[in-house]
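*Asks:* My structure is below; once you've seen it, I'll send some questions.
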Amino acid sequence: MMILGFMLNYALRVNLTIAIVEMIKPNVTTAIMNGNASYITETTIQPEASTLLTTTNGETEDDYSDRFNWDEAQKQLILGSFFWGYVLTELPGGRLAELVGGHRVFGHSMFWASIITLATPITAHMGYQAMVVLRALLGFMLGASWPSIVPMASVWVKPMDRSKFMSNMMASALGAALTMPICGYFISWFGWESVFYLTGGIGVFWSICWFLLIFETPARHPRITPEERKEIEDAIGSTTSKTKPTYVPWKEILTAPCVWAIILVHGASVFGYFLVVNQLPGYMKSILHYDIKANGLLSSLPYFGKYAMSVVASHFADYLRTRGKITTTVARKSFTAFAVGTPSFFFFLLIFFGHSRVWAITIFTIALTLNGAVTAGYLGNGLDIAPNFSGTIFGMANTLSSFGGFVSAWMVGVLTYENNTYGQWQIIFAIVSVTYLVGCLAFVTLGKGELQPWNNPPEKNGVPLQELRSTEEGVPLQTNNTQK
């Protein structure tokens, strides 16, 4: 269920990135005679334009009656507005999941995002301003989804299995990989509206199943065996408290270098990832000149690679940690350096080879594939250093990355507005390369893998939380095996 949930989570995001390619009226070529000379001008088809105007591939305005006159700046505004809402619920969503449970927060986030997705075709006909509002609302609903899952992992996933669990979250890349080609074919068969009905409908069905089949903790699951429950609870031990901490040690969190290491590297990594998610289909159409079917299929390749790498790297990291071959700190730093440092090099290569179809697709695929190893690196590091506040930490990191998502869309819009050329994209690739490098160095320098003392803050009269467990509901889970 969780793998499918994260696949759908990104399907609800990226459906527009491929659909918008076919939602906007393309440039048309008009021959204008001036004496004995003629010259060619390009313009966007207007509603009142003559049907004699044709695109460069011979299609007429009648073929675009269901498309919109949005320019590049408006397109990027629509894509970027998702992050306006997304940034507002990251931190509150993580903290809310720590208090009321990630099961509720994640489920409602997905359900209402699916309903909003179903309303996209109607909203698009109201104008680009309405689409901006709708996408911001979609971001608002999905913003809480990722941080809400981490607190659930702190009570369900054994410490030495948490890298593998994080690879389940990377099923979002698999969702993007499947959404791109499927949407490409659905658009060619049924029109761009179909992709929103498809993804939104599946999302509603999945949300209903989530509420019926998934439970907050092992203690609340009606079908778990006593042996399995005891194994999980014994492995987790006292690192995660059963009582939801009511006091957040903000001073310790905000002044901890290891927390800022997570925030900075996540912001850098997601900045590059969102740029690929939002801009790759447009780049492939405008610079590499692929049609919608090939665009969707080839745009999906980096995501398949990213998911495969996340699974391999996570299992390898947990194997090394379980066998005692490397410490958690070494594992997180080394895999982060590999996952974030190497894409910096490959985006640098795009500056020189990005104009070639073969080289561009190859480099994009390799860069995003290697980035999948973040599941064995920093992505689960919040569970290592402070599982009781992992949702808060992840929410802080995702808040910064949300700004990066909006900034990347804004940056592309500014640099390519009325000048969507490979030369402008070389500047974009250079910026992404430097961003990856800075994030990598920040985590390698400041990151840690050890449990931090502020994970168990004082609760009542300065008494540490772990000392309350023998008399209150915060007793260790393993002593509570018969309680439902």
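A short reminder: the numbers here are calculations on the coordinates, not readings from a lab. A quick note: this is a predicted structure, and the numbers were derived from the prediction, not measured. Virtual Cβ from ideal backbone geometry, glycine too; neighbours counted across all protein chains shown.
*Asks:* What does the charge dipole of the range 294-396 about its Cα centre add up to, to the nearest 20 debye, if the Cβ of each Lys and Arg holds +1 and the Cβ of each Asp and Glu holds -1? It would help to have the intermediate numbers written out before the result.
*Replies:* Working: 7 positive and 2 negative charges, 36 e Å.
Its charge dipole is roughly 180 debye.
*Asks:* Calculate, in nm to one decimal, what residue 190 and residue 118 gain on full extension: separation in residues at 0.36 nm each, minus their alpha carbon distance.
*Replies:* 24.4 nm
*Asks:* I've got another one for you. Once you list every other residue whose beta carbon is under 14 Å from the beta carbon of residue 314, what net charge do they have if Lys and Arg are +1 and Asp and Glu are -1?
*Replies:* Combined, the nearby Lys, Arg, Asp and Glu give +3.
*Asks:* Could you give the length gained by full extension between residue 417 and residue 329, i.e. 0.36 nm per residue of separation minus their alpha carbon distance, to one decimal place?
*Replies:* This chain segment gains 27.3 nm when fully extended.
*Asks:* Among residues other than residue 411 whose Cβ falls under 15 Å from its Cβ, what is the net charge (Lys/Arg +1, Asp/Glu -1)? Walk me through the numbers on the way to the answer.
*Replies:* Details: positive: 75; negative: 72.
Once all neighbours under 15 Å are counted, the net charge is 0.
*Asks:* Given H placed on each backbone N at 1.01 Å, which residues far from residue 24 in sequence or on other chains put an amide H within less than 5 Å of it?
*Replies:* Amide H to amide H, under 5 Å and 5 or more residues apart or across chains, residue 24 pairs with 68.
*Asks:* Rounded to whole Hz and in sequence order, give me ³J(HN,Hα) for the range 124-134 from the Karplus expression 6.51 cos²θ - 1.76 cosθ + 1.60, θ = phi - 60°, writing x for Gly and Pro.
*Replies:* 4, 6, 7, x, 5, 4, 5, 5, 4, 5, 4
*Asks:* Shifting gears a bit: Could you work out the local net charge near residue 444, counting Lys and Arg as +1, Asp and Glu as -1, over the other residues with Cβ closer than 14 Å to its Cβ?
*Replies:* Here the charged neighbours net out to +3.
*Asks:* Could you sort the peptides 431-437, 104-110, 419-425 by per-residue average Cβ neighbour count (10 Å cutoff), highest mean leading?
*Replies:* Taking the mean over residues of other Cβ atoms within 10 Å, the ranking is 104-110, 431-437, 419-425.
*Asks:* What is the gain in length, in nm to one decimal, between residue 235 and residue 214 on full extension, counting 0.36 nm per residue of separation less the C-alpha to C-alpha distance?
*Replies:* Between residue 235 and residue 214, full extension yields an extra 5.5 nm.
*Asks:* Can you give me the distance in nm between label points at residue 445 and residue 353, each placed 7 Å from the Cα along the Cα-to-Cβ direction?
*Replies:* 3.0 nm
*Asks:* Follow-up question, since we're still on this one. How far apart, in nanometres, would the label points at residue 322 and residue 345 be if each is projected 7 angstrom from Cα along the Cα-to-Cβ direction?
*Replies:* Result for the modelled spin labels: 3.0 nm.
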